[in-house]
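Student: There's a structure below that I have some questions on.
Laboratory data are not the source of any read-out in this text; all were calculated from the coordinates shown. This is a predicted model, so every value here is computed, not measured. Methodologically, a virtual Cβ is constructed for each residue, glycine included, from the backbone with ideal geometry; neighbour enumeration extends over all protein chains shown.
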């Protein structure tokens, strides 16, 4: 039986994440995949919303709501691939008790505000030109491996080449663990 992999969208939700299908195609060979819309988990409305307002809704309680909802929805062991705010949701959910074995967080810049680390394997990915990524001192403080860097800014993960490299890293990690 394949391990479960939850994929959490970025702040735009699944309706505006057409790029996510590439990840699903590449990772479904090794994982049973469950997609989650981060906006739906957080009860954040995206339709007609501006990016700043959506960010604010997540920051002002939406992340906690989403983490609580994920805790109710996922009682068993899971791996998680999460994008942007989805990574922060997964991190918070793990701290609240979701049994995440491997967290792959991509462009999750709000993690720089975290001071506690969940008890799971963590791999972070950032665009080299993303000005909001956590500093090296944050990684050292939380005893995290340095992130894997990709060319580009915050939304680098929507690029097919970057998606392929991220999936290759996840699949290589999965192969090492199942040998």
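Student: If each residue's Cβ is checked for other Cβ atoms within 10 Å, how do 130, 119 rank with the fewest at the top?
Tutor: Ordered from fewest to most neighbouring Cβ atoms within 10 Å, 130, 119 come out as 119, 130.
Student: Computed FRET efficiency, Cβ-Cβ of residue 119 and residue 32, R0 25 Å: what is it to the nearest 0.05?
Tutor: Values: r = 23 Å, r/R0 = 0.92.
Once rounded, the FRET efficiency stands at 0.60.
Student: Using a basic spin-label model with each label point 7 Å from the Cα along Cα→Cβ, how many nm lie between residue 145 and residue 64?
Tutor: 3.3 nm
Student: What is segment 1-107's relative contact order, in percent, from Cα pairs under 8 angstrom and six or more apart in sequence?
Tutor: 32 percent
Student: Give, in nm to one decimal, the length gained when the segment between residue 137 and residue 101 is fully stretched (0.36 nm per residue of separation minus the Cα-Cα distance).
Tutor: Taking residue 137 through residue 101 to full extension adds about 10.5 nm, to one decimal.
Student: Compute the Cα gyration tensor for segment 12-95, then decide on rounded, prolate or oblate, letting a ≥ b ≥ c be the square roots of its eigenvalues: rounded whenever a/c is under 1.5, prolate when a/b is larger than b/c in the other cases, and oblate in all that remain.
Tutor: Here segment 12-95 falls in the oblate category.
Student: Shifting gears a bit: For a test of the definition: using alpha carbon positions, the gyration tensor, and the 1.5 limit on a/c, classify the chain as rounded, prolate or oblate.
Tutor: It is rounded, given that a/c, with a ≥ b ≥ c, falls under 1.5.
Student: Which residues does the label zone of residue 173 cover in segment 47-85, counting backbone N under 13 Å from a point 7 Å along Cα→Cβ?
Tutor: 79-83
Student: Ranking 160, 89, 170 by Cβ neighbours within 10 Å, fewest first, what do you get?
Tutor: Going from sparsest to densest Cβ surroundings: 160, 170, 89.
Student: Right, here's the next one. Return a whole-number percent for the relative contact order of segment 1-48, with Cα pairs under 8 Å and 6 or more residues apart as the contact set.
Tutor: Relative contact order of segment 1-48: 52 percent.
Student: Further question on the same structure: So what is the relative contact order for segment 4-178, in percent, with contacts set as C-alpha pairs under 8 Å and at least six apart?
Tutor: 20 percent
Student: Can you sort 149, 1 so the residue with the fewest Cβ neighbours within 10 Å comes first?
Tutor: Ranking 149, 1 by Cβ neighbours within 10 Å, fewest first, gives 1, 149.
Student: Sticking with this one: Among rounded, prolate and oblate, which fits segment 119-179 when a ≥ b ≥ c are the square roots of the eigenvalues of its C-alpha gyration tensor, a/c under 1.5 means rounded, and a/b larger than b/c means prolate?
Tutor: It is oblate, given that a/c is not under 1.5 and a/b is not larger than b/c.
Student: Could you tell me how far the Cα centroid of segment 20-43 sits from the Cα centroid of segment 50-74, in Å?
Tutor: Centre-to-centre (Cα) distance: 17 Å.
Student: Could I ask something else about it? Which value in deg cm²/dmol, rounded to the nearest 500, describes the helix-derived mean residue ellipticity at 222 nm for the chain, given -39,500 (n - 2.57) per DSSP H run of n ≥ 4 and division by the residue count? Don't skip to the answer; put the middle values down first.
Tutor: Details: 7 runs with 68 residues, N = 179.
One gets -11000 deg cm²/dmol as the mean residue ellipticity at 222 nm.
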